1. Any idea how many residues of region B:4-23 are within 28 Å of residue B:385 (Cβ to Cβ) and either open to solvent by 60 Å² or more (accessible area, probe 1.4 Å) or facing chain A (nearest Cβ under 7 Å) (or both)?
2. Which of the residues that make up region A:80-114 are aliphatic (A, V, I, L, M) and farther than 22 Å from residue A:49 by Cβ?
3. Which one of these does residue A:163 not meet: (1) out of contact with any Gly (no Cβ under 6 Å at 6 or more places or on another chain); (2) modelled with pLDDT of 95 or more; (3) farther than 28 Å from residue B:199 by Cβ?
4. Under the condition of being touching a helix residue (DSSP H, G or I) at 6+ places or on another chain (Cβ under 8 Å) and either in a loop (DSSP other than H, G, I, E, B) or open to solvent by less than 40 Å² (accessible area, probe 1.4 Å) (or both), which residue from region A:1-10 is modelled with the lowest pLDDT?
5. All but one of (1) closer than 26 Å to residue B:148 by Cβ; (2) away from chain B (no Cβ under 12 Å); (3) part of a strand (DSSP E or B); (4) not charged (D, E, K, R) hold for residue A:127, so report the exception by its number.
6. Among the residues of region A:66-85, are any open to solvent by less than 40 Å² (accessible area, probe 1.4 Å), touching a helix residue (DSSP H, G or I) at 6+ places or on another chain (Cβ under 6 Å) and part of a strand (DSSP E or B)?
7. Having 1 or more residues that are without any contact (Cβ under 8 Å) to a residue 12 or more places away in the chain and either aromatic (Phe, Trp, Tyr) or more than 10 Å from chain A (Cβ to nearest Cβ) (or both) is the bar; report the helices (runs of 4 or more DSSP H) wholly within region B:118-201 that clear it.
8. Could you count how many residues in region B:202-233 are outside any strand (DSSP E or B) and open to solvent by 30 Å² or more (accessible area, probe 1.4 Å)?
Amino acid sequence: MERWVYPVTSLRPEDVEQKRVCTTRTPLRGEYAWDAGVAVGRFLTELKAGRLIGRRCRACGRVMIPPRMFCEQCFRPTDEWVPLADTGTVITFSVCTISWDMRRLEVPEVPAVIAIDGASPGMGIMHKLGEVGRTLEEILDRVRIGMRVQAVWKPAGEREGAITDIRYFRPLED
Amino acid sequence: MAGRRVAIVGAGMTKFVRRALETGQELAWEAASKALESCEMTLDQIDAVVLGSAPDAFDGVHMKVEYLSPGAGAWGKPTIRGYVGGGTGVFAAIQGWYHIASGMFDTVLVVCEEKMSSCHPHPQAAFNYIFDHTLERPLGPNLLWIFALEMNAYMTKYGLTKRDIAMVAVKNKRNAADHPAAQLGDPHITIEDVLNSEVLAWPVQRLDVSPTSDGAVAIVMAAEHIARRVTNKPVWVEGVGWSLDTQYWTNRDLSYPTYVEEAARKAYAMAGIREPRKEIHIVEPYDPFDYKELHHLEGLLLADRGKAAELIALGIANRDGDMPVTPSGGLLGVGNPIAAAGLMKVAEIFWQLRGEAGKRQVPGQPRRGLAQAWGDLMQVGTVIILGI
């Protein structure tokens, strides 16, 4: 099969830096304003008030977070809003030591999927954990899958109806 | 078997590299022309073209398949773009199959191209847009998060160690040392190299991850009456399947790829396969991360849940083992130009079944192989089964 492989002209970073090859470089700027929608719009309004809510489908019985106005399983409208707790269980987590453009972070971030109390089992949202240490070793020592956590909210006056109205989730003292 | 019989009759590809001088069009041309040449066909014998490429955001070119089309032989021909993220490479072959199986066309050129290097400062920037704009992006996620979260869920559920998983990276990067198109083949890599590599998003370390790449792959597919004229070694499409899980990824069980099982069951049923572990001789599961190869082997029902690492540890998955897994070297070793990487796996099965894989040739004259890819927001499984 070697006959059917084209070798390609591989460029090294210095080929570009020393202008041995011609390149053009232009930024693309696009700005978007996303409407939150019916379900998530209400969810954001509740976040501003310091509360988490979900949506129940009476056909399958699931209480869903993030909430949706339709059940993608039963393919029918969901039926009612359900108040949820601001506590939950860590389903999984990571300790991220780099930014999206591969720069090292001074303090690692701890993204997690957190199953929210009051929603159906396994219904989680993505957020971050905090108050769990400042180095990879400290964080791995403190955080466990299955760990109980609680939301740490911004003060009421600083909330704006965004997922970041929850600063992070911290370990719950049992 | 649904529809008419369809065979792959030719394949070609470019080398995979971090950054190529060639444009996307030129890469597509090199792969497409090599594929045609390999089966001594010309473009006027091709009825339709299927083009696969992942997000437009990599190239900064909107409707990039229309942009790529001149290099892919699509001028004046019925052309379609399939796009299911990382699942695209195998899905494009499935589209080629149904174009012909349906009776609509007799010959199809399938071309998959990716040029990730155009996106600066890093192609990760393009991936940031896969996250939900209202509930996830404000948290500042990067693509590694989602894999790290899934890998940790998988490891924890089954008590797997980093060492269990690192064996996959070692096997694949060593296999790739024998692939003439490979970007990261390394015959000497060790488990310690993987375990000591930089932590990116624990549990993901540098050598657990495939590279970003530029490259293209093409195959030629034909209906039976053409295939038998073109070659004495047609490789038949015996089964295909694909399935999509919910977009609400934080509501799923991340430790098991249900969507891969659904796709595999469809493909096995179509191919009349009842015992996949005995009837599939070689496997090319999608391996953008080392744990994903294990995850996918379980979804493909080729290993019990949580037990795929044993296939690697016992050597069963080696090229000379009972069920060779990723003999090409995979995304971890050959490279990961997204859509092209999936089609590279299909091409590998094609070459292996024809006995043309050179230094990578699996012994024992394998008669049936499976290629699988995965993508979108960790939710699509695409499977193709080929046989001779």
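1. 7
2. Selection gives A:90, A:91, A:95, A:98, A:102, A:105, A:107, A:110, A:112, A:113.
3. Among (1) out of contact with any Gly (no Cβ under 6 Å at 6 or more places or on another chain); (2) modelled with pLDDT of 95 or more; (3) farther than 28 Å from residue B:199 by Cβ, residue A:163 violates only (3).
4. Only one residue fits best here, namely A:1.
5. Result: residue A:127 passes all but (2).
6. Among the residues of region A:66-85, not one is open to solvent by less than 40 Å² (accessible area, probe 1.4 Å), touching a helix residue (DSSP H, G or I) at 6+ places or on another chain (Cβ under 6 Å) and part of a strand (DSSP E or B), which makes the answer no.
7. The qualifying helices (runs of 4 or more DSSP H) are B:191-195.
8. Qualifying residue count, region B:202-233: 9.
The values are calculated or read from the model by the stated rules, or taken from the named source; none is laboratory data. Only a predicted model underlies this, so the values are computations on that prediction, with no experimental measurement involved. Positions of Cβ are generated from backbone atoms using ideal geometry, with glycine treated the same way; all protein chains shown enter the neighbour counts. When the accessible area is computed, the model is the full protein with side chains, heavy atoms only, and any ligands, DNA or RNA have been set aside. Shrake-Rupley method; radii C 1.70, N 1.55, O 1.52, S 1.80 Å.
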